[in-house]
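The values are calculated or read from the model by the stated rules, or taken from the named source; none is laboratory data. Just so it is clear, the model here is predicted, and its values are computed rather than measured. Virtual Cβ from ideal backbone geometry, glycine too; neighbours counted across all protein chains shown.
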Amino acid sequence: MSQPEQIPADYRGGFLKALLTDASANTLAIGAASMVPLLAMVGGAVDASRFYMAETRLQAACDAGALAARRAMDDLAFSAEHRRIGERFFKQNFEDGMFGVTDQNTVYAGTADGEVQGTASAVMPTSLMGMFGYEEFNLSVDCTADINISNTDIMFVLDVTGSMACNPSGGSCNSGSTSKIQGLREAVMTFYETVADATSPRAQVRYGAVPYSYNVNVGAELVAADPSWMAEDAVFQSRWAKFEEKQEWVEIGQQITDIDNRRSEDDIGFELQSETTASSRSACAALEPAAFTDEVQTNLGLHQGQNGTRTEGNFRYTEYDDDNETLWRGEPRSIYNDGGRCRVGWDIYEYRADVTFEVVEELQNMGIQFDEWIYDRVDTANPPGASNPPGSPPGWESIDLTTLYDATPTVDLPIGSNGAMQSYTWDGCIEEAQTVAASSFDPIPVGALDMNINLVPDSQASRWKPMLSRAVWRRRNNSGSTRSPVPSSVRSSQSRPSYRCPTPAFRLEELSRTDMQNYVNSLSAGGNTYHDIGMLWGARFITPRGIFAADNVAAPNGESIARHIVFMTDGALVPRNNIYSTYGIEWYDRYVTGNGSNSRQYSRHAERFQAACRLARQENISVWVVAFGTTLTQNLIDCATPGRAFSASDSAELEEQFTKIAQKIAALRLTQ
């Protein structure tokens, strides 16, 4: 076996020396030495990344559970069920063993203020850092959730029709303590308090309200914002006074033309003419008056027959027969006494006779006088009464509707007795802008200005008109209702239509509890149900682009605004063609139906209602609908934002539903 080759000693010394002085050989030692800190850096980065990912996911899961538990709470009370909901949501977001963690622990609890507080912890083993003595990390997070309102606008659109005076079963319709109107008052206040409890100090929460029946009372808000939005002229189903230059026959006397068959003469007694002093009996006798015969009559005018009439110039003579008239005859007589006292007069005799006499009349000018009423369509821009003679009292041509938009909303109208001016105070209800009698409002027909919730009036057609209930009449002739003029000489009795003006609406504003309570207490029930007019004006008051855009587009703190309409009704649409609504008297005006039909009116108001709801939703306004003591119809469901239609069979359920809506409107926010 051969021996290994031996390296010379002097060569070995040279090799080591060469190695020490060779720079390329140093890389191995340096690389080996640097592996330890490099491994610590990489391991630390990997485990730190895992730590932060696990902690972030743990925080998100804790938050999700707290939010879910708080959302499930109907009030401030936290229950075991709410705890289970929180834990279930936590586990859905952070499964057991995620990131390799162990010893997971989650605790949720409620506070007296209604907050949900949570803690979550876990242990996460390291991957590479164990070789350096770091075998695990402890993870721990806290979370708190509460209801916290951001900038929010809430518009109540409230049905205050006649049925709201009844209780939910339909009885006791006296607006008493069990009535639906009282239940509504209480529900609104509960809603207000729920929101108030959840409002952060820096947020803006505003309320507005539009009570509706078949009218809305929005005039005061329109005038306060811009009187030019109200019309200077309008059309009313009213009446105008017709005047004429009058001449009348005026009786100026009577004269006897014949007396026949005198009978039954009786001595009645002495009738004194005068009393004086005289120097002698003969001087007294000289003062006696003249005799008269048939000069005094007592009963002329109780005519048994008319013999005819003749006219001579401005005089008219009408002859009558009166049988068995009482006539008088007077014989002169004087009475003298020794003291010089002288009394003169007649001895009066009464008898009966058949008398023929004439009534004498003179044709006299009586001036311009009221003749009759003409019940008609009155356009204040083209007023009626042009045929009245010059000098007639002022009529519709003198009316200036803009006086209704001053501090005192009054105007004088020619509707008083015989056409006299009568002061009228406007209550604030309005007639709508121009519309069209269409059967579909998807899309909105051209010309239906009333269906534009962002309408800013700039023309006569687009302006709103004041309702003048005491200046409006229905029209009937002897055959029934008619759209033609009807003189009072044809039919004197004409009736006014039913009319109801609700409590005034108010725009969005920050409202104290006392102010809200006072307002809901002022609500009263009456009138028929027109959902469309309520929804239209609720949308107009809250939209960020319409007549109140300057107030609605942004909050003072610069943050966005959540907008909500809470629409409450206790009944289906009940349109009538003979009431005075925001669209006039439909049988006469035919703005909605085109033919005055009640059945067509129902379907078209339903279409308008859906269009109004759709327009509101298109403005990013959440529409909540509550049917109170009535069926939640498909028409109501379709109006609401999906999933936001509710029903309440009684006042307690109404309050419960309002509370739920308030809690859902309250945006759930993390408070830390």
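Just to verify a result, which residue in the range 305-342, among those that are of a type in the set (Gly, Ala, Ser) and touching a residue at least 12 places away in the same chain (Cβ under 8 Å), is surrounded by the most Cβ atoms within 10 Å (Cβ to Cβ)?
Checked the range 305-342; the qualifying residue surrounded by the most Cβ atoms within 10 Å (Cβ to Cβ) is 330.
Determine if the range 170-188 includes at least one residue that is part of a strand (DSSP E or B) and modelled with pLDDT of 95 or more.
To start, the set of residues in the range 170-188 that are part of a strand (DSSP E or B) comprises none.
No, that holds for no residue.
Identify the single condition in (1) surrounded by fewer than 16 Cβ atoms within 10 Å (Cβ to Cβ); (2) closer than 30 Å to residue 459 by Cα; (3) of a type in the set (Val, Ile, Thr) that residue 257 does not satisfy, given that it satisfies every other one.
For residue 257, the exception is condition (2).
Of all residues in the range 398-409, count the ones that are farther than 14 Å from residue 234 by Cβ and surrounded by 13 or more Cβ atoms within 10 Å (Cβ to Cβ). Lay out the reasoning, then the answer.
The initial filter retains those residues of the range 398-409 that are farther than 14 Å from residue 234 by Cβ, namely 398, 406-409.
If we keep only those that are surrounded by 13 or more Cβ atoms within 10 Å (Cβ to Cβ) too, we end up with 398, 409.
Adding up the residues that qualify gives 2.
With the structure loaded, tell me whether residue 288 is surrounded by 11 or more Cβ atoms within 10 Å (Cβ to Cβ), in the same structural domain as residue 366 (by TED's automatic domain parsing), closer than 17 Å to residue 351 by Cβ and of a type in the set (D, E, K, R) or whether it fails that test. Show your work before the answer.
Details: surrounded by 11 or more Cβ atoms within 10 Å (Cβ to Cβ): yes; in the same structural domain as residue 366 (by TED's automatic domain parsing): yes; closer than 17 Å to residue 351 by Cβ: no; of a type in the set (D, E, K, R): yes.
So residue 288 fails the test.
Please state which one of 174, 167 is polar (S, T, N, Q), under 28 Å from residue 567 (Cα atoms) and surrounded by 19 or more Cβ atoms within 10 Å (Cβ to Cβ). Can you show your working first?
Values: 174 fails: surrounded by 19 or more Cβ atoms within 10 Å (Cβ to Cβ).
That would be 167, the only listed residue that is polar (S, T, N, Q), under 28 Å from residue 567 (Cα atoms) and surrounded by 19 or more Cβ atoms within 10 Å (Cβ to Cβ).
Please enumerate the residues belonging to the range 452-501 that are of a type in the set (A, V, I, L, M, F, W, C), surrounded by 15 or more Cβ atoms within 10 Å (Cβ to Cβ) and either closer than 21 Å to residue 576 by Cβ or out of contact with any helix residue (DSSP H, G or I) (no Cβ under 9 Å at 6 or more places or on another chain) (or both). Show your work before the answer.
First, the residues of the range 452-501 that are of a type in the set (A, V, I, L, M, F, W, C): 453, 455-456, 461, 464, 467-468, 471-473, 486, 490, 501.
Filter once more, keeping what is surrounded by 15 or more Cβ atoms within 10 Å (Cβ to Cβ): 453, 455, 464, 467-468, 471-473, 486, 501.
Across the range 452-501, the qualifying residues are 467, 468, 471, 472, 473, 486, 501.
Of all residues in the range 59-96 being out of contact with any Cys (no Cβ under 9 Å at 6 or more places or on another chain) and among the aromatic types (Phe, Trp, Tyr), which is nearest to residue 124 (Cα to Cα)?
Within the range 59-96, the match that is nearest to residue 124 (Cα to Cα) is 89.
For the structure I just gave you, tell me whether residue 492 is small (Gly, Ala, Ser), farther than 26 Å from residue 205 by Cβ and at pLDDT below 95.
Numbers: small (Gly, Ala, Ser): yes; farther than 26 Å from residue 205 by Cβ: yes; at pLDDT below 95: yes.
So residue 492 passes the test.
Kindly list the number of the only condition in (1) polar (S, T, N, Q); (2) assigned to a helix (DSSP H, G or I); (3) over 27 Å from residue 591 (Cβ atoms) that fails for residue 228.
Condition (3) is where residue 228 drops out.
For the range 74-91, name all the residues that are surrounded by 20 or more Cβ atoms within 10 Å (Cβ to Cβ) and assigned to a loop (DSSP other than H, G, I, E, B).
Hit for the range 74-91 is 78, nothing else.
Among the numbered criteria (1) crowded, with 20+ Cβ neighbours inside 10 Å; (2) hydroxyl-bearing (Ser, Thr, Tyr); (3) part of a helix (DSSP H, G or I), which one does residue 593 miss?
The one condition residue 593 does not meet is (3).
In this structure, does residue 521 turn out to be closer than 27 Å to residue 647 by Cβ, polar (S, T, N, Q), under 19 Å from the mean Cα position of the chain (by Cα) and surrounded by 16 or more Cβ atoms within 10 Å (Cβ to Cβ)?
Details: closer than 27 Å to residue 647 by Cβ: yes; polar (S, T, N, Q): yes; under 19 Å from the mean Cα position of the chain (by Cα): yes; surrounded by 16 or more Cβ atoms within 10 Å (Cβ to Cβ): no.
Judged against the criteria, residue 521 is not a match.
Out of the residues in the range 372-386 that are over 30 Å from the mean Cα position of the chain (by Cα) and among the small types (Gly, Ala, Ser), which is modelled with the lowest pLDDT?
Of everything passing the filter in the range 372-386, 386 is modelled with the lowest pLDDT.
Being among the small types (Gly, Ala, Ser) and crowded, with 17+ Cβ neighbours inside 10 Å is the filter; apply it to the range 343-379 and report the residue that is farthest from residue 244 (Cα to Cα).
Of the range 343-379, the ones among the small types (Gly, Ala, Ser) are 345, 353, 367.
Now drop any that are not crowded, with 17+ Cβ neighbours inside 10 Å, which leaves 345, 353.
Numbers: 345: 51, 353: 44 Å.
Among them, the one singled out is 345.
So which residues in the range 441-459 are touching a residue at least 40 places away in the same chain (Cβ under 8 Å) and acidic (Asp, Glu)?
Once the filter is applied, which keeps residues that are touching a residue at least 40 places away in the same chain (Cβ under 8 Å) and acidic (Asp, Glu), the range 441-459 yields 442, 450.
Whether any residue in the range 542-550 is crowded, with 20+ Cβ neighbours inside 10 Å, touching a helix residue (DSSP H, G or I) at 6+ places or on another chain (Cβ under 6 Å) and in contact (Cβ under 8 Å) with a residue 40 or more places away in the chain is what I want to check.
no
Residues in the range 621-647 that are closer than 28 Å to residue 171 by Cα and either of a type in the set (Ser, Thr, Tyr) or under 23 Å from the mean Cα position of the chain (by Cα) (or both): how many?
So the first thing to find is which residues in the range 621-647 are closer than 28 Å to residue 171 by Cα, and the list is 624-637, 645-647.
Imposing the further condition that a residue be either of a type in the set (Ser, Thr, Tyr) or under 23 Å from the mean Cα position of the chain (by Cα) (or both) reduces the set to 624-633, 635-637, 645-647.
Adding up the residues that qualify gives 16.
When the range 269-282 is examined, which residues are found to be under 10 Å from residue 334 (Cα atoms) and not in a strand (DSSP E or B)?
Scanning the range 269-282 gives 281, 282.
For the range 551-566, what are the residues that are out of contact with any strand residue (DSSP E or B) (no Cβ under 8 Å at 6 or more places or on another chain) and in contact (Cβ under 8 Å) with a residue 24 or more places away in the chain? It would help to see each step written out before you state the result.
Going residue by residue through the range 551-566, those that are out of contact with any strand residue (DSSP E or B) (no Cβ under 8 Å at 6 or more places or on another chain) are 553-560.
Correct list: 555, 556, 557, 559, 560.
Quick one: which of 604, 617, 644 is touching a residue at least 60 places away in the same chain (Cβ under 8 Å) and out of contact with any helix residue (DSSP H, G or I) (no Cβ under 7 Å at 6 or more places or on another chain)?
On the way: 617 fails: touching a residue at least 60 places away in the same chain (Cβ under 8 Å); 644 fails: touching a residue at least 60 places away in the same chain (Cβ under 8 Å).
Answer to the selection: 604.
So, residue 425, is that one hydroxyl-bearing (Ser, Thr, Tyr), touching a residue at least 12 places away in the same chain (Cβ under 8 Å), out of contact with any Cys (no Cβ under 8 Å at 6 or more places or on another chain) and loosely packed, with under 13 Cβ neighbours inside 10 Å or not?
Working: hydroxyl-bearing (Ser, Thr, Tyr): yes; touching a residue at least 12 places away in the same chain (Cβ under 8 Å): yes; out of contact with any Cys (no Cβ under 8 Å at 6 or more places or on another chain): yes; loosely packed, with under 13 Cβ neighbours inside 10 Å: yes.
Criteria met by residue 425.
With the requirement that a residue be surrounded by 15 or more Cβ atoms within 10 Å (Cβ to Cβ) and either closer than 23 Å to residue 530 by Cβ or of a type outside the set (S, T, N, Q) (or both), what does the range 183-195 give you? Quick ask: steps written out before the conclusion?
Step one: of the range 183-195, the residues surrounded by 15 or more Cβ atoms within 10 Å (Cβ to Cβ) are 183-192, 194-195.
Result: 183, 184, 185, 186, 187, 188, 189, 191, 192, 195.
Of the conditions (1) at pLDDT 95 or above; (2) assigned to a loop (DSSP other than H, G, I, E, B), residue 202 fails just one. Which one is it?
(1)
If you check residue 616 against the conditions, is it within 25 Å of residue 439 (Cα to Cα), in a helix (DSSP H, G or I) and assigned by TED's automatic domain parsing to the domain that holds residue 203? Give the derivation first.
Details: within 25 Å of residue 439 (Cα to Cα): yes; in a helix (DSSP H, G or I): yes; assigned by TED's automatic domain parsing to the domain that holds residue 203: yes.
Yes, satisfied.
Since residue 386 meets every condition but one in (1) without any contact (Cβ under 8 Å) to a residue 24 or more places away in the chain; (2) assigned to a strand (DSSP E or B), which condition does it not meet?
Failing condition for residue 386: (2).
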